[in-house]
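Enquirer: Before anything else, here's the structure in question.
What follows draws every value from the coordinates through simple rules; no lab data is involved. Just so it is clear, the structure is predicted and the values come from calculations on it, not from any experiment. Neighbour counts are summed over all protein chains in view; Cβ atoms, including those assigned to glycine, are modelled from backbone coordinates with ideal geometry.
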Amino acid sequence: MSSPAALIATAKVRAGSEDAFAAWKARHDAALAKFPGFISSDIMPPDKHSDMWTIILNFRSTSELTAWQQSKERAAIIGELLPLVAGGNFGEVMNREASDSAQPETTVTQVILSQVKPGMEDAYREWCARIQDAQARYPGYRGMYLQPPASNGGHWTTMLRFDTTEHLEGWLAAPERAKLLQESKAFIENEELMRLATSFPGWVPINPLTGKGPPDWKTALLVLLGLYPIVVLELRFLNPLLRGFNSSLAMFIGNTLSVAGTTFITMPVFVRAFGWWLFLDKTSPRWATPRGLGILSGLFAVEIALFWRFF
């Protein structure tokens with residue numbers, strides 16, 4: 001079975017040609033999406049170490065990547081690019097293994113899963129190119145990864161990278177982005193957002209209106225609310241069953257069950273129940289935060305009372 005392969009291309013875009021380059025990227029991606037074996041594309045802007053744009057294309061196999069390189073479709077699309085790059089130079093290097101486009105050490109990544117309306121894929125690609133052109137001009141931008149769905153009707157995956165949370169949130173809150181998102185309603189049925197490099201990845205969602213997660217202290221209280229009874233029940237019922245086990249193994253089993261219970265049982269329930277409290281905004285009543293704290297305090301007291309006689 002052939003191994004995945006990547007094509008790494010670099011180009012210096014002429015000053016003033018950024019919009020034309022974004023439009024070219026949309027046409028380039030549209031041609032790629034129809035080619036056998038194409039998996040994903042990644043684009044990274046110039047940084048302090050280089051003035052070159054980098055485009056990484058991942059293919060299922062070397063033979064399919066070679067077929068793309070030798071195709072008339074690629075020849076035509078590269079011909080459109082050359083007037084936009086300094087010196088007409090567009091360098092390409094083949095990598096025998098698929099690339100994960102090694103990211104800078106400090107990045108924050110926003111993952112966006114988009115459900116595109118049937119037949120609107122080309123409009124979506126063109127829009128992606130325009131939003132890419134816009135976000136590339138914001139401080140801290142580190143690149144965008146785009147992967148089409150594996151099957152018809154699947155989700156498009158976008159990974160948007162910035163150097164810091166502040167810079168990412170600056171772009172997410174930008175009026176320019178809000179205008180582009182309004183346009184996208186014509187061809188995107190729904191979107192799901194998730195941020196990597198958070199304090200509680202996978203346990204709490206991102207507010208789709210702001211692109212932010214809830215305050216860490218609120219999430220921590222919900223984790224405690226669910227974790228406390230799990231640990232108490234383990235001490236009461238599981239530990240006696242593990243007395244013959246090595247302490248290291250017994251602790252591992254207990255921790256595994258605690259994490260699983262928190263991830264798949266308590267947190268999903270509590271996030272739904274306290275969604276009104278986790279995601280407050282300027283329109284939320286002032287009593288929302290103290291009310292949530294009061295309810296949690298009462299629940300903690302109930303838990304302690306219920307388990308008081310366990311020990």
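Enquirer: For LYS117, which sequence-distant residues (separation of 5 or more, or a different chain) have an amide H within less than 5 Å of its own amide H, given hydrogens modelled in the peptide plane?
Expert: ILE188, GLU189
Enquirer: Give me the distance in nm between label points sitting 7 Å out from Cα along the Cα-to-Cβ direction at ALA186 and SER50, one decimal.
Expert: Those two pseudo-labels are separated by 3.6 nm.
Enquirer: Now, a different point. Under a crude label model (7 Å from the Cα following the beta-carbon direction), how far is MET120 from ASP216 in nanometres?
Expert: The two pseudo-label positions are separated by 3.8 nm.
Enquirer: Still on this model: Given a Förster distance of 35 Å, report the FRET efficiency between PHE264 and ALA67 from their Cβ-Cβ distance, rounded to the nearest 0.05.
Expert: 0.20
Enquirer: So if each residue of separation counts as 0.36 nm, and I subtract the Cα-Cα distance between ALA250 and ALA305, what length gain in nm does that give?
Expert: On the way: separation 55, 0.36 × 55 = 19.80 nm, distance 2.73 nm.
Extra length from ALA250 to ALA305 when fully extended: 17.1 nm.
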